[in-house]
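> Right, I'll just put the structure down here and ask away after.
A short reminder: the numbers here are calculations on the coordinates, not readings from a lab. Note that the coordinates shown come from a computational prediction; the quantities given were computed from them, not determined experimentally. Backbone-built Cβ (ideal geometry, glycine too); neighbour counts: all protein chains shown.
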Amino acid sequence: MIPASVVDRSKEFSGKRVLVTGAGKGIGRATALLLAARGASVVALSRSPDDLRSLEREIGCETHAVELADVAAARAAALAAQPIDLLVNNAGIARLQPFLDLDVEAFDETMAVNVRAAMVVGQICARSMIERGTGGAIVNVSSISAQIGFPLHAAYCASKAALDALTRVMAVELGEHGIRVNTVNPTVTLTPMAQKAWGDPGKAAQMLSRIPLNRFVEPGEVAQTIAYLLGAESHMINGVSLAVDGGFLAR
């Protein structure tokens, strides 16, 4: 057997079109870069035209600027991206408020971006895969917040738990069409969004004390896990929420 460390992955996704939402920054951008490096034709969605332009210059990807909280806009962008072989629903927001002060608008916006957009884009991509009879794979980017109650994260935690549940149903219903659906669930990942929640050294130290590996996750490490779940080596993994947490959930 060839050791995994010497396997050439430069053409792993050659001939595949991969749609990545929230591709402008953080995990989404790292995923777009990694998949492009492994031969994929990347279609990138983000609400930031500037981020998309810089990503296009870097990897030559197709881009669509879209506000995914807008259902009609999300559908239009997903339809314009077809045909898609692999999907990464990564777009997400965090509105940090104490539960007693959590306003309905912040809750609804979080659910719209973090869950509903994944459903809308996932429906369109899955229908296309079924019509073409190609099968495929979908990875929804969730969080350990799906299982842990973090202060100020009521809307975010609720959205990620909902995304995990949605993913399991997608896996059950789409599996018969050869479409696998999984989530990747990282702990705090060093992205611009994470800095808002965990930028305070005291708060970060408390979180780090619960991670046996004693560090946060890098976006590239989450991207590698996403690539694994999209690839042929995981062809019997379906409906799984895969933690990338340094052992946080093991305590």
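> Report, in whole Å, the centroid distance computed from the Cα atoms of the range 94-144 and the range 39-64.
After rounding, the separation between the Cα centres reads 20 Å.
> Starting from the amide H of Thr63, placed 1.01 Å from N in the peptide plane, find each other amide H under 5 Å away whose residue is 5 or more places distant or on another chain.
Amide H neighbours of Thr63, under 5 Å, 5+ apart: Ala44.
> Also: For the range 13-242, what is the relative contact order in percent, using Cα pairs closer than 8 Å and at least 6 residues apart in sequence?
21 percent
> Something else: Might you report the magnitude of the Cβ-based charge dipole of the range 13-242 about its Cα centre, with Lys and Arg at +1 and Asp and Glu at -1, to the nearest 20 debye?
With Lys and Arg at +1 and Asp and Glu at -1, about 380 debye.
> Place the peptides 202-208, 27-33 in order of packing, highest mean first, counting for every residue the other Cβ atoms within 10 Å and averaging per peptide.
27-33, 202-208
> By the scheme Lys and Arg +1, Asp and Glu -1, what is the net charge of all other residues having a beta-carbon under 15 Å from that of Ala91?
With Lys, Arg at +1 and Asp, Glu at -1, the neighbours total +3.
> For the chain, what does -39500 (n - 2.57) per DSSP helix run (n ≥ 4), summed and divided by total residues, give at 222 nm, in deg cm²/dmol to the nearest 500?
-13000 deg cm²/dmol
> Here's another thing I want to ask about it. Sort Phe99, Phe107 so that the residue with the fewest other Cβ atoms within 10 Å of its own Cβ comes first and the one with the most comes last.
Phe99, Phe107
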